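Quick notes on the structure that follows.
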Amino acid sequence: MKIFVAYDRTDGAAAALDAAVGIAEQCAGSQVRIVHALNPLIDAAEIFASSNHEAITIRRDEELTALHEVASKISSTEVEPAVEVLRRGESPGAGIARLGNEWQADLIAVASRRTGRLSGALLGSVAAEIFRNSETPLLLVHPA
């Protein structure tokens, strides 16, 4: 089983990762891919660099280092950390759905804070967008 986890260093993302690892442990040969979907307009905005590309590279390296640290603490299953840059104009939810579909995930795990407009009242705006855009089943984790 291939489980894609959207990870942004929040407690909710940690809960989604824990749930994904728990599922992976039950299925022999499972893979877990933890991915930070980097939004260059937001995530690299405060980086002082000579170009946007350099700022994005710096932020990507920082996030990848953090993901490797998280992955190193998981010994029970194969974990692959990755940082993917969203396409120009792509929202985080649409980007996560696209990345999960491209990786051919069997399951996308994501946390929901239940925030956003009325349409996101139950799922949260990013989770609702992943649900609308993904061909892959969604594991929604509500952090405690």
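What value does the chain have for Rg/Rh, both radii from Cα atoms and Rh as Kirkwood defines it?
Result for the chain is an Rg/Rh of 0.97.
With a Förster radius of 35 Å applied to the beta-carbon distance between residue 26 and residue 88, the computed FRET efficiency rounds to 0.35.
Counting Lys and Arg as +1 and Asp and Glu as -1, what is the net charge of the other residues whose Cβ lies under 14 Å from the Cβ of residue 137?
With Lys, Arg at +1 and Asp, Glu at -1, the neighbours total 0.
Cβ crowding within 10 Å, taken as a proxy for footprinting-reagent exposure, orders 18, 8 from fewest neighbours to most as 18, 8.
Could you line up 50, 72 from fewest to most neighbouring Cβ atoms inside 10 Å?
Ordered by Cβ neighbours within 10 Å, fewest first: 50, 72.
In debye, nearest 20, what is the charge dipole magnitude of the chain about its Cα centre with +1 on Lys and Arg Cβ and -1 on Asp and Glu Cβ, if you could check?
Result for the chain is approximately 460 debye, rounded to the nearest 20.
Sorting 139, 38 by the number of Cβ atoms found within 10 Å of their own Cβ, with the fewest placed first, yields 139, 38.
Values quoted throughout were computed directly from the atomic coordinates according to the rules given, and no laboratory measurement underlies them. Just so we're clear, the structure is a prediction, and the values are computed from it rather than from any experiment. All Cβ positions, glycine included, derive from the backbone under ideal geometry; neighbour counts span all protein chains shown.
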